[in-house]
């Protein structure tokens, strides 16, 4: 099959590799019909994630048709159409039983690596470094999906791929970020830093949850336009002297009830040397987080869907403490959201395909990475067609 | 129910004796419960404690462990475990460079569903001893499995080989064993990516 392989910093290659096969009894194999490039894939592309190896297959936003099931798969059948969540969860551990799916104990074969850094390892992820399990990803024509009865959600209508594909990551991720804001319908004001795909879904999710006002902060014109189209007020941080003053002006001086950092930091800190190596970059990239910490109102909520995994410096923790701010964050507990968000889509409450700006064949993925990374051609979201 | 401390001798179970079909085995095991000297003296050797909580009943986990040959499924390092009697087993671990470390172990204490203790026979090149305890986790959340292991790395060539084999990673190996046991018991399988597709140059290395 064809697959998008990481070959080093800013080097992606479409290679012909072996087809995946069943390796464990609860696996299935999916023939992929649609797959996407995530903003977090750019951290891999830019070479900031340790434990990548040349030849690793990327991609964690994919869907398709089940073509083979392992002997212990009970619910899925060959021919089922499924969207696959990006986190791999076993369904049987302490955390899965508490709906903390992204904290699953049992799916990362390399848990000891992550444990050494973070104390404990969470769930494995598709195509996201050996630290997170080293599972081959879904920017390919086929993928092996472990725990097939736990993760994938069956799509039983003929709704187009593009409307349900983003159940794989960015819609639930934006939705959980909004849900974490403890929105009081008709009252809450939510500020969102970053208008990439996750920010876009956070904006729309906050409004779906009843936010009185959503204020989006970015400096990319086409992303701000998309945020406005989604119902947000916007601040271009390049065009104002002080974002905090603007936020205060827009909130009667009180500040937003909740702040969402949908930017994250470019560098995933990990092994100590790599952290040291990347700290210079982090000073810039943690800027959104620091600003959100200062901007959120007293007693408010800071919600962080943006990816952080290492050390960051100059965090104004005194501001967070002094204001009694609650911080909620983490990888998305995907499995909680698949069914309710599919219902929202099928009820016509949201059409996630709004975010797509580019549709290209899988074979053109390397160029698409470059376009996305450089924000060329007003690129916000790329969908790849494995059959083209 | 209070848990007996690991050092407290508990008679071998009737069921264990029944399994072996030889009541004398259990009796002889009890004789070994109070050795004339410790396998590893208190002020010597390397001592490791690792624990994991598994959402399964203690009886089930104990039964898996008591069938010692099962442990080869969850110990990541290649190991051959051969049961030589109900209480005795032979262990053979491959070391880097083709060497092997071998020893005979004997169960010296067992309390079904709660505790197992073992030690190497007196002529072992690497004297070692250990216990595994199965305690109910708070809140009816399964079983806390705690392993205590101690061993005395020998001097000389074998010691060097053993150090190379385990190094500072002995604790890590115990932790990994418990992690894999937990996955097998809770998820029904041990997570792996061995055999999945991969691009060049890794695929070339795999095929080489």
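The values are calculated or read from the model by the stated rules, or taken from the named source; none is laboratory data. Remember, predicted model here, so these are calculated numbers, not experimental data. In this analysis, Cβ positions are derived from the backbone assuming ideal geometry, glycine residues included, and neighbour counts consider all displayed protein chains.
Given the conditions (1) within 17 Å of residue B:128 (Cα to Cα); (2) part of a helix (DSSP H, G or I), and given that residue B:102 satisfies all but one, which numbered condition is not satisfied? Result: residue B:102 fails condition (2) only. When the residues of the stretch A:94-120 are narrowed to those that are farther than 25 Å from residue B:199 by Cβ and in a loop (DSSP other than H, G, I, E, B), which ends up nearest to the other protein chains (Cβ to nearest Cβ)? The qualifying residue nearest to the other protein chains (Cβ to nearest Cβ) is A:106. Residues in the stretch A:85-94 that are touching a residue at least 12 places away in the same chain (Cβ under 8 Å) and surrounded by fewer than 24 Cβ atoms within 10 Å (Cβ to Cβ) were compared, and the one that is nearest to residue B:140 (Cα to Cα) is A:92. Looking only at the stretch A:148-158, decide whether some residue is within 14 Å of chain B (Cβ to nearest Cβ) and more than 23 Å from residue A:3 (Cα to Cα). Yes, the stretch A:148-158 contains at least one residue that is within 14 Å of chain B (Cβ to nearest Cβ) and more than 23 Å from residue A:3 (Cα to Cα). Evaluated against (1) buried (at least 18 other Cβ atoms within 10 Å of the Cβ); (2) more than 9 Å from chain A (Cβ to nearest Cβ); (3) modelled with pLDDT of 70 or more; (4) assigned to a helix (DSSP H, G or I), residue B:147 falls short on exactly one condition, (4). Note on the stretch A:129-142: residues that are more than 25 Å from residue B:173 (Cα to Cα) and more than 9 Å from chain B (Cβ to nearest Cβ) total 4.
Of the helices (runs of 4 or more DSSP H) lying entirely inside the stretch A:123-216, those containing at least 2 residues that are at pLDDT 95 or above and farther than 18 Å from residue A:231 by Cα are A:161-164, A:170-179. Only residues that are over 14 Å from the mean Cα position of the chain (by Cα), assigned to a loop (DSSP other than H, G, I, E, B) and touching a residue at least 12 places away in the same chain (Cβ under 8 Å) were counted across the stretch A:330-353, and they come to 3. Among residues of the stretch B:174-195 that are free of Cβ contacts under 8 Å to residues at least 40 places away in the same chain and facing chain A (nearest Cβ under 7 Å), those with a beta-carbon under 8 Å from a residue that is in a helix (DSSP H, G or I) and surrounded by 18 or more Cβ atoms within 10 Å (Cβ to Cβ) at least six positions away or on a different chain give the pairs B:189/B:183; B:191/B:183. Of the residues making up the stretch A:354-388, just one is without any contact (Cβ under 8 Å) to a residue 12 or more places away in the chain, farther than 27 Å from residue A:31 by Cβ and part of a helix (DSSP H, G or I), namely A:376. From the list B:137, B:105, the lone residue that is touching a strand residue (DSSP E or B) at 6+ places or on another chain (Cβ under 6 Å), surrounded by fewer than 19 Cβ atoms within 10 Å (Cβ to Cβ) and modelled with pLDDT of 85 or more is B:137. Scanning the stretch A:74-93 for residues that are at positive phi and either away from chain B (no Cβ under 12 Å) or not in a loop (DSSP other than H, G, I, E, B) (or both) yields one hit, A:79. Residues that are part of a loop (DSSP other than H, G, I, E, B) and under 23 Å from residue A:333 (Cα atoms) within the stretch A:61-73 comprise just one, A:73.
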